[in-house]
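The structure appears right after this line, and notes come after that.
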Amino acid sequence: MKPYPALAILAAFTLAAVMAAQAPATAASTAPATSQANASPSTTTSTAPANNPPSLAGPTPPDLAAARNLAQEMNNPKSAAAQVLRDIQTFEKQYPASKSRLGIDYLAMQYFRERGMMQQEIAYGQQALKAQPHFLLVLIQLATVIPVAVRPTDLNRDQMLNQAQTYAQQALALAHTEIKPGAGNPPMTAAQAAFWKKAIHAAAESAYGRIASDRGQAALAVTDFQKAVALDSPAGAAQDYFRMGVQQENLHQYPDALNSLHMAASMGANNATLQTLVQAEIKRIQRKQTPATSTTPPGAPTLTPHF
């Protein structure tokens, strides 16, 4: 399951912009397509938020050719992740001062995200921020993936969770100032600006909920997830309803937990992975409500599934 559904929409537009910018004019149509109906208000034209990465135009012909080849490799669904990683590292060694590095880092972040390779996604996202600290989409994507990727045994767990919270705060601040009618190229309409702001806000609240869950702050997590589901699309809200249900279960709020899980099942009807998790969690709660047949020790904590 993807770290956060709504971000896939934003990333797809930015990825398409990068691919179109680095490809020859005659090949621009090979950029990934995204349905307008699924991405923004139906009465508007799809436009990515501010802070798009720069084009992959390199300072020298060899740099440009290498960047184009690497981008095409990452856009190939049949490419092998291990080989792509080696090729990215080779590009970085050959062109350490390339103006294409930021675009390559962003493309790598999306490439590894689509393959569930969260550690690589985080690494390239953080590398992109070194070049452009106010990269809005990278900030919010990192805020949502880090709490999913971090493990209780990680030595830098607290540091990573604190960093994720900072990323979410920075993304919200940037969304307020940079996503507005007239921003971007082509310029965003008022409806588009409102759409993207809402998506960023929903992602940030979801990130806060995941961070609180990882910290064992169940009540705070429930509050954050309640904010997220009020802002999000059905696909995103379904995941957050599930996470909310898990935290309500940790608080022994079983009726509320079951209600949240049923909402998750209803809103995520097309998400097979989520459906499996929801049904397992419902059965767990039902066993807790019948202690005589339960194999779960009373008061045992529930670990938040990572997905």
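The values are calculated or read from the model by the stated rules, or taken from the named source; none is laboratory data. These figures come from a predicted structure and were not determined experimentally. Backbone-built Cβ (ideal geometry, glycine too); neighbour counts: all protein chains shown.
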Out of all the residues in the stretch 217-232, is one or more among the hydroxyl-bearing types (Ser, Thr, Tyr) and surrounded by 24 or more Cβ atoms within 10 Å (Cβ to Cβ)?
-> no
May I ask you to list pairs of residues, at least six apart or on different chains, whose Cβ atoms are under 8 Å apart, with the first in the stretch 249-266 being outside the structural domain of Ala235 (by TED's automatic domain parsing) and the second being modelled with pLDDT of 95 or more?
-> none
Among the residues of the stretch 28-38, is there at least one that is modelled with pLDDT under 90, over 18 Å from Met117 (Cβ atoms), β-branched (Val, Ile, Thr) and assigned to a helix (DSSP H, G or I)?
-> yes
Is there any pair with a first residue in the stretch 195-207 that is touching a residue at least 12 places away in the same chain (Cβ under 8 Å) and a second that is among the charged types (D, E, K, R) whose Cβ atoms are under 7 Å apart and which are 6 or more apart or on different chains, and what are they?
-> Ala202/Asp232; Glu205/Asp224; Glu205/Lys227; Ser206/Asp240
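Among the helices (runs of 4 or more DSSP H) confined wholly to the stretch 77-161, which include 1 or more residues that are among the aromatic types (Phe, Trp, Tyr) and more than 16 Å from Ala207 (Cα to Cα)? Steps first, please.
Numbers: elements: 81-94, 101-114, 118-131, 136-149.
The helices (runs of 4 or more DSSP H) meeting that bar are 81-94, 101-114, 118-131.
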